[in-house]
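The values are calculated or read from the model by the stated rules, or taken from the named source; none is laboratory data. Everything numeric here is computed off the predicted structure, so don't read it as measured data. Positions of Cβ are generated from backbone atoms using ideal geometry, with glycine treated the same way; all protein chains shown enter the neighbour counts.
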Ligand SMILES: C[S@@+](CC[C@H](N)C(=O)[O-])C[C@H]1O[C@@H](n2cnc3c(N)ncnc32)[C@H](O)[C@@H]1O
């Protein structure tokens, strides 16, 4: 299978039941807030996203980069929609399928191992496409957005939640540290460049919402938890990468506090032909 767009190898992080991941997740999430999400997003962001899109029982929804499936399963459970997650790692799909079975939703929630740049579905297969905290792994966003457009019915809606960054020339070092901590090149965008790329790919932008307050709180908790459980994580993910990842959280928080990083929900529509 083609892996070139995978970015960080999430496989170690996706083993959510491993000893280190259990310790981390117990520290990071308030009771009821751990959906198995692989991000800083809280339940209220997922619920708000579903409400703004008006996702309902008749809808067929695509989730690009579904991780370990928690957010997709939660949205399917609360809205009654049919959900298809696309995830590049094998372990992510395995964990997602298990969580869907445990939730009793495997009749209308499914997961496919594939690259978001080339998804194995017919044109016009979905009413709605969503993606949560995945966009920065894609180098060519216009091509990704065109692939999503292909899969949407005319009039279908596309919503993604993504970190947005406005680095300037003095931020070369912090960019390098963030990239190193994430173990991959990060193809970050400003909110304005996201909008331009959506329009280039044929979408009309409906709404932009800044989601940063909970996100920052959760990021700080991840950082604290990674520091506290550093040795347990190092056993699973390697000491050097663990320390780089802690530094990634530190840099990200500094960028948020400097007003150079945020997190946005961007909702757009594929116009009728
Ligand atoms: C930050 S995680 C977010 C996962 C999930 N959306 C969530 O909110 O829990 C990013 C996910 O994107 C996946 N990913 C990376 N590159 C991808 C690609 N080219 N196609 C599909 N998924 C990809 C990663 O394996 C990871 O599961």
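Scan region 204-214 for residues that are part of a strand (DSSP E or B) and under 18 Å from the mean Cα position of the chain (by Cα) and report the count.
Within region 204-214, residues that are part of a strand (DSSP E or B) and under 18 Å from the mean Cα position of the chain (by Cα) number 3.
So, in region 132-150, how many residues would count as being surrounded by fewer than 22 Cβ atoms within 10 Å (Cβ to Cβ), under 19 Å from residue 83 (Cα atoms) and within 16 Å of the ligand (Cβ to nearest atom)?
Adding up the residues that qualify gives 3.
Counting only residues that are farther than 16 Å from residue 136 by Cα, at pLDDT below 95 and in a loop (DSSP other than H, G, I, E, B), how many does region 157-203 have?
So the answer is 1.
Only one of 214, 168, 231 is surrounded by fewer than 20 Cβ atoms within 10 Å (Cβ to Cβ), out of contact with any helix residue (DSSP H, G or I) (no Cβ under 7 Å at 6 or more places or on another chain) and under 23 Å from residue 10 (Cβ atoms). Can you tell me which?
Of 214, 168, 231, the one residue that is surrounded by fewer than 20 Cβ atoms within 10 Å (Cβ to Cβ), out of contact with any helix residue (DSSP H, G or I) (no Cβ under 7 Å at 6 or more places or on another chain) and under 23 Å from residue 10 (Cβ atoms) is 231.
Contact list please: Cβ distance under 9 Å, first residue in region 254-269 and on the phi > 0 side of the Ramachandran plot, second residue at pLDDT below 95, pairs at least six apart or on different chains.
Qualifying pairs under 9 Å: 259/166.
For residues that are assigned to a strand (DSSP E or B) and in contact (Cβ under 8 Å) with a residue 40 or more places away in the chain, scanning just region 64-96, find the one that is farthest from the ligand (Cβ to nearest atom).
Filtering first and then ranking leaves 84.
Is at least one residue of region 100-110 within 21 Å of residue 15 (Cβ to Cβ), more than 14 Å from the ligand (Cβ to nearest atom), free of Cβ contacts under 8 Å to residues at least 24 places away in the same chain and in a loop (DSSP other than H, G, I, E, B)?
Yes: region 100-110 contains one or more residues that are within 21 Å of residue 15 (Cβ to Cβ), more than 14 Å from the ligand (Cβ to nearest atom), free of Cβ contacts under 8 Å to residues at least 24 places away in the same chain and in a loop (DSSP other than H, G, I, E, B).
Just to be sure, is residue 44 surrounded by fewer than 18 Cβ atoms within 10 Å (Cβ to Cβ), under 16 Å from the mean Cα position of the chain (by Cα) and over 18 Å from residue 134 (Cα atoms)?
So residue 44 fits the description; yes.
Of all residues in region 4-63, which are in a loop (DSSP other than H, G, I, E, B), away from the ligand (no atom under 11 Å from the Cβ) and in contact with a strand residue (DSSP E or B) (Cβ under 7 Å, 6 or more places away or on another chain)?
Once the filter is applied, which keeps residues that are in a loop (DSSP other than H, G, I, E, B), away from the ligand (no atom under 11 Å from the Cβ) and in contact with a strand residue (DSSP E or B) (Cβ under 7 Å, 6 or more places away or on another chain), region 4-63 yields 55, 59.
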